[in-house]
Amino acid sequence: MTLGEKIKEARKSLKMTQSRLAGDKITRNMISRIESGSASPSLETIKYIADRLSLPVSYFLSESEDILFYEKNEWMKRIYEAFSKGDYAFCINKISSFSGVDNELAYIAAISCFELGRDAFMRGSLKTAVMHFESSEAFSCKTVFDLRTIGALIEMYKSVAMNIQAPLLEFNDEKYIESLNSTYDFEMYKYLTQDHNFEYTTPCFALHCKAKKKIKERKYQEAIAPLLEAAQAAFTGEYNSFAAFSIYTDLEQCYKQLYDFENAYRYSSKRMSMLEGFKT
């Protein structure tokens, strides 16, 4: 592939016109002549064009036709640094700007999208969470690396995001892998499936399950204290929007059973406010 052909291909991949590529330093006619091979640009012009196309100069000066190789060569160190620091948005933005993905990039992108989705889920932006989870699933299909654990976690979190009021209707726990690396995610699975006998280390999960046992015994007054503690715990440490929503739901129901309609209305309002927030 000639220099002109490389420039033309890169420009078209960005849906950029010759005039836009030319900018204010060279003419559209010069770009046309370079692409057709009738003009040989100076090194300074090549550097200018490469910068406009967000590609390394070395790509245009080499005989290789693999743009991705040069994109990775220029950006992988910064992508690794960002990934190790948890700057997943940077990883996704940069990888998405590449001309394609390979096994390594797809693996990093899949994990990054999952982490962004999980963060959005915890904050209560469920629509955004689902978008990230679906992107993670798409990238997972483009790598041979084992991402079954990530797939299992997406299965769980996505089921809640898709139906916050009755997540188990969406959740197929037969697909879920229990050998997870993260204790919190495994506890989230136990909490979601309402395993009240599990020994939780996450305070809001433990307190809510304690209250659930009281509710099952119809001891609604005794359930109030652990529910209030659970509500407070849900907003400390790693916030979990699903846990907070579930606790508010039980507080509303307990107060109704106790004919305390003022408090029932208070937690009903909190729950409805969260439902509106989940649409983001």
Most positive-pole-ward Cα, 128, 165, 69, against dipole of the stretch 68-189 from beta carbon charges: 69
Angstrom value of the Kirkwood radius, inverse mean 1/r, which spans all Cα pairs in the stretch 124-280: 16.6 Å
Tilt relative to the chain, helix 203-216 - C-alpha long axis, 0 to 90 degrees, to 10: 40 degrees
The stretch 190-252: relative contact order as a whole-number percent, Cα under 8 Å and 6+ apart: 29 percent
Qualifying lysines (Cα of each under 24 Å from Cα of residue 219; at least 8 residues distant if same chain): 190, 210, 256, 270
HN-Hα J in Hz across the stretch 246-263 - Karplus 6.51, -1.76, 1.60, θ = phi - 60°, x for Gly and Pro: 5, 5, 4, 4, 5, 5, 4, 5, 5, 5, 5, 5, 8, 6, 9, 6, 5, 5
In the stretch 3-64, lysine pairs closer than 19 Å at Cα, eight or more apart or cross-chain: 6
0 to 90° range, to nearest 10: angle between helix 43-52 axis and the chain longest Cα axis: 30 degrees
Cα-Cα separations in the chain greater than 24 Å, expressed as whole percent: 61 percent
Cα-based equivalent ellipsoid, the stretch 1-133: semi-axes from gyration tensor eigenvalues, Å: 35, 16, 12
For the stretch 194-277, alpha-carbon Rg over 2.2 N^0.38 Å: 1.03
Between helix 148-162 and the chain: long-axis angle, C-alpha atoms, 0 to 90°, nearest 10: 60 degrees
Cα-based Rg and Dmax for the stretch 3-64, where Dmax is the largest Cα-Cα distance (Å): 10.2, 29
Per-q log10 I(q)/I(0), the stretch 68-189, q = 0.12, 0.13, 0.20 Å⁻¹ (Debye; single scatterer per alpha-carbon; no solvent): -0.45, -0.52, -1.11
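Values quoted throughout were computed directly from the atomic coordinates according to the rules given, and no laboratory measurement underlies them. Keep in mind the model is a prediction, meaning the values are calculated, not measured. Every residue, glycine among them, receives a Cβ derived from its backbone with ideal geometry; neighbour counts consider all protein chains shown.
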